[in-house]
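Participant: Below is a structure I'd like to ask you about.
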Amino acid sequence: MFENLVESNSHREDTARKGSFLLITAGVYVILGVAFFIAGILWYNAQLDVQNLELTSLVAPVIVPDQPKAEAPKPAEKVNINQQVDVRKTLMADVTRTDLVPKEISVKKNDELPVRANVRTVIGSCDSNAAAPMAAGSGTGGLGTAPAKVVIASDEPPPPPKPTPHAPISGGVLNGRAVRLVTPPYPAIARSAHASGAVQVQVLIDENGNVISASAVSGHPLLRAAAVAAARASKFSPTKLSGQPVKVNGVIVYNFTQ
């Protein structure tokens, strides 16, 4: 009995030592964790002091007023230093000549140069002014009294565009639309063979109501030729789509009975 008592006391002491060791170890780890946490906070605050912080501000954009467009410089007049007279493609008086009445009036800009007063002018292939012009002669030429040339801009509206042609439309059975439906004769050979029945003829009618193509699509072979000939000679009323005449594709039915 005493041996068991000694052994139990030894086991209890060993368990107490292990528990104390675990508690001390856990306490050390907790103290180290708190120390590292406090050190991290202090290190982060020290880094904030040495960082260069940039302050960014939002500034509204500056509206730049539109600059006025500079007018294109006017082309300089052509001057030929080697000629002594002005050259014009067309003899046109200056607008300051109030004694002359123009034949036509227009608001369209004219780029041709007018005839200068008291300067000899000849007709050529281009408009140019002489560097040292000769004075006009004392003759009675028609240059000084030539009427001013004024171009009139056309006020007429442009012609309307041509209508786009439409594809032929389907009209179905066209017997009721015929202005003149020709009745085909009964072929003698078909009558002798006792051939009868309906013959369908596919036709294409133009914008004026005329049959421009015809072909039999069903019926007795001995009756088809007569039906096609009658269909080609028939006349129909024109068909319009949105006010524009169009072609029509349809069928004419002929019944042959004895």
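Every read-out reported here was derived from the displayed coordinates using simple, explicitly stated rules and does not represent laboratory data. A quick note: this is a predicted structure, and the numbers were derived from the prediction, not measured. Neighbour counts run over all protein chains shown; Cβ positions are idealised from the backbone, glycine included.
Participant: Evaluate the distance, in nm, between pseudo-label points positioned 7 Å from the Cα of TYR29 and of LEU100 along their respective Cα→Cβ axes.
Facilitator: Output for this residue pair reads 11.6 nm.
Participant: Can I ask one more? Along the Cα→Cβ direction, 7 angstrom out, place labels at SER192 and ALA229. What is the inter-label distance in nm?
Facilitator: Calculated label separation equals 1.6 nm.
Participant: From the phi angles alone, apply the Karplus equation (6.51, -1.76, 1.60; θ = phi - 60°) to segment 108-116 and give each ³J(HN,Hα) in whole Hz, x where the residue is Gly or Pro.
Facilitator: Each residue's phi maps through the Karplus curve to give 6, 5, 10, 8, 6, 7, x, 6, 7 Hz.
Participant: At 0.36 nm per residue, and after removing the present C-alpha to C-alpha distance, how many nm does the segment from ILE123 to SER237 gain when stretched out fully?
Facilitator: Roughly 34.7 nm would be gained on extension.
Participant: Cα-Cα over 23 Å: which of LYS162/LYS240; LYS89/LYS109; LYS69/LYS109; LYS109/LYS162?
Facilitator: Those over the limit are LYS109/LYS162.
Participant: At R0 = 30 Å, how high is the FRET efficiency between SER20 and ILE41 if r is their beta carbon distance? Nearest 0.05 is fine.
Facilitator: FRET efficiency, SER20 to ILE41: 0.40.
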